[in-house]
Amino acid sequence: MSKVKKQARPQENKRFQIKLDSDSIFISQSPDSKKSRVILADLDQRAFEQLAVSIDDAGLAEDMIRQLSAMRYTEKVSRTLYTLYLGLDAPPSADTMDKIRKCVGSFTESYTMTEGIGVFRKEQEHTQLIQVAVQNPDLAYRCADALRREFGQKAVGITEGSAYERVVDHPGDAPKEPALRNGR
């Protein structure tokens, strides 16, 4: 990495603002209303280093670090998250869990199951919460109905509408061993 000498500059009475996008930096200067947009992909190492020095000279480094820290690296997958509520008379046995996995697995390959305690008509019961993120709402409702039939229930609860995103790798992450199966 080549070194760029930082030169002291007299502080001018100007206010700078910085905004980060996924591939560029937008810098505006008040009161003169001068604006600059730097496309990061177009920068070579030397230009990048000069940009870093300029950002620091303008007193924008802390603001940039704050913005970087606040950025979320997610992948929009355009799915709705549904939670199915399956009431049970007892804690789920291994056989019960297998039946749930087989039933839900016939509708989707990815889901989350959580054991909980629910209250239905003022009676406490063991509850299995199954979360599925699907594009087609009919899939979640058919899955709930299949669970209802499999376990002889009068009803299986369902909530709809939570936003679903995945946190993904972002530029600058060093490759690491996947902590989860299949790197998901």
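Below are the figures for this structure:
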| item | result |
| --- | --- |
| For G87, net neighbour charge (Lys/Arg +1, Asp/Glu -1) across residues whose Cβ lies under 14 Å away | -1 |
| Estimated vicinal HN-Hα couplings, Hz - the stretch 105-119 in sequence order (Karplus 6.51, -1.76, 1.60; Gly, Pro = x) | x, 6, 10, 8, 8, 10, 6, 10, 10, 9, 7, x, 10, x, 10 |
| Under 5 Å, built H, 5+ apart or other chain: amide partners of R79 | Y164 |
| Other-chain or far-sequence residues with amide H under 5 Å of L88's (modelled H) | H126, T127, Q128 |
| Largest-first principal axis extents, alpha carbons of the stretch 75-167, Å | 38, 27, 23 |
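Computed from the coordinates by the stated procedures, all read-outs in this text should not be read as laboratory data. Just so it is clear, the model here is predicted, and its values are computed rather than measured. A quick note on method: Cβ atoms are made from the backbone with ideal geometry, for glycine too, and the neighbour counts reach across all protein chains shown.
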